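Undergrad: My questions will all concern the structure given below.
What follows is calculated from the coordinates using simple rules that are stated; it is not laboratory data. Bear in mind the structure is a predicted one, so any value in this text is a computation, not a measurement. Every residue, glycine as well, gets a Cβ built from its backbone with ideal geometry; the counts of neighbours run over all protein chains shown.
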Amino acid sequence: MRFTPVLLKFFFLSALIGLTTLTAVVEEILDPKSSIEVTLSTTSPNRIMVEEGVITDVIFDENKFQSFIHQKTGQAFLSSLKEIKECPTSMTIITGSGEAQTFQVFAEPKPGEIIILKEKELASSKKEELSSDYHSPTVSFLNDLLWGNIPPGYVVRPIQEENFSLESPFAGRVLRTLEGPFEEILVLEVQNRSKRVETLKPSSLKSSNDLWVFLSKIHLEPGEKTTAIISKSKEF
C-alpha cells in the first residue's frame, strides 16, 4: 500500500492525539553556535519547546522524520521514521526570535523525548527587567502605578490622546494619566510588533521635558507587551 502525504499526516496527527505520556525530559540552553546531541524515540512522538518562546520552523531530512508545529503553543512534535544508531543526522529548529538551534539526532525505541530550550540569560538580565532612569520614586509608588492604584496626592486625568508615538517596531498606548503636585504621570502599554526579540530603551520614550522613565521590561519577545511609566514636568 502506498501512503500519500495526506495519509501520512493523518497517521501522524492520530499518534499525537493518542499520546498519553512523554517521560524523558531534556533541558538545554539555546546556542546557535553549537549543536545539541539528542536521542529521539522511534515509537512515540517527541516534543520540542522554547521556554517563553515559539518554534516557527523545523528543518530536517524528510526521509527520516515527520514534524508538526502546534499553532497555538508554538511547540514542535517530531516522529522518527527509522532508527538512527551509528551516525547522527542533523536537524535545526528556528525560533520566533529568529534564532536557530541545530541538533545531532540519534533515534531508537524508547519513550518520547521532551526537549526544553531556554534562551541564554544576559549577565545583567535580572537588573534589566526593571530598568529606569528615574530620580528616586519609591518602590511602593511604582507598585501602585503598576497595579492600577492611585498613589496618595495624585488624581486621575482624562486621557487626551490614546496613542503614544514610538519608533518602529514598538507601538505605545496610554493606559492612564495622573496628575500630582509637581509632575504628570503617563502609564503606557508598549508592544513589540516585530518578529524577533527587540530591546526597548528608556531613552526611546523620554523627551527633553520628562523627569524620568520606568520600564518593567527591556527585552520583548515578538508581540510581547510591557508597562512603561513616564514622569513629565508639570507646567505652572
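Undergrad: If we count other beta carbons within 10 Å of each Cβ, what is the order of 34, 231, fewest first? Intermediate results must be reported in sequence, preceding the final value.
TA: Numbers: 34 10, 231 21.
Final ranking by Cβ density, sparse to dense: 34, 231.
Undergrad: Still on this structure: Taking the alpha-carbon distance from residue 217 and a cut-off under 16 Å, which lysines remain once sequence neighbours fewer than 8 residues away in the same chain are dropped?
TA: Candidates past the 8-residue exclusion: 126, 127, 201, 206, 225.
Undergrad: Rank these for me by crowding, 52, 86, going from fewest to most other beta carbons within 10 Å.
TA: Fewest-to-most Cβ neighbours within 10 Å comes out as 86, 52.
Undergrad: Using Cα positions and a limit of under 19 Å, work out the aspartates and glutamates in reach of residue 120, with same-chain residues fewer than 8 apart set aside.
TA: 27, 28, 31, 37, 51, 52, 99, 128, 129, 198, 221, 224
Undergrad: Please give every one of the lysines within straight-line cross-link reach of residue 64, meaning a C-alpha to C-alpha distance under 25 Å, and leave out same-chain neighbours fewer than 8 residues apart.
TA: Partners found: 9, 33, 82, 85, 110.
Undergrad: Compute the label zone of residue 114 within the stretch 59-88: residues whose backbone N is under 20 Å from the point 7 Å along Cα-to-Cβ.
TA: 68-80
Undergrad: Length gain on complete extension for the stretch residue 59 to residue 92, per 0.36 nm per residue less the alpha carbon to alpha carbon distance?
TA: Roughly 11.4 nm would be gained on extension.
Undergrad: Send over the Kirkwood Rh of the stretch 125-233, from the inverse of the averaged 1/r over different Cα pairs, rounded to one decimal Å.
TA: Radius from the Kirkwood sum: 14.1 Å.
Undergrad: OK, next. If packing is taken as the mean number of other Cβ atoms within 10 Å per residue, what is the order of 141-154, 35-48, highest first?
TA: Descending mean neighbour count gives 35-48, 141-154.
Undergrad: Then there's this: In whole Hz, with x marking every Gly and Pro, tabulate ³J(HN,Hα) for the stretch 84-91 from phi via Karplus 6.51 cos²θ - 1.76 cosθ + 1.60, θ = phi - 60°.
TA: Rounded to whole hertz, the list is 10, 10, 6, 10, x, 9, 9, 9.
Undergrad: Report the extension gain between residue 73 and residue 225 in nm, rounded to one decimal, defined as 0.36 nm multiplied by the number of residues separating them, less their alpha carbon distance.
TA: 53.0 nm
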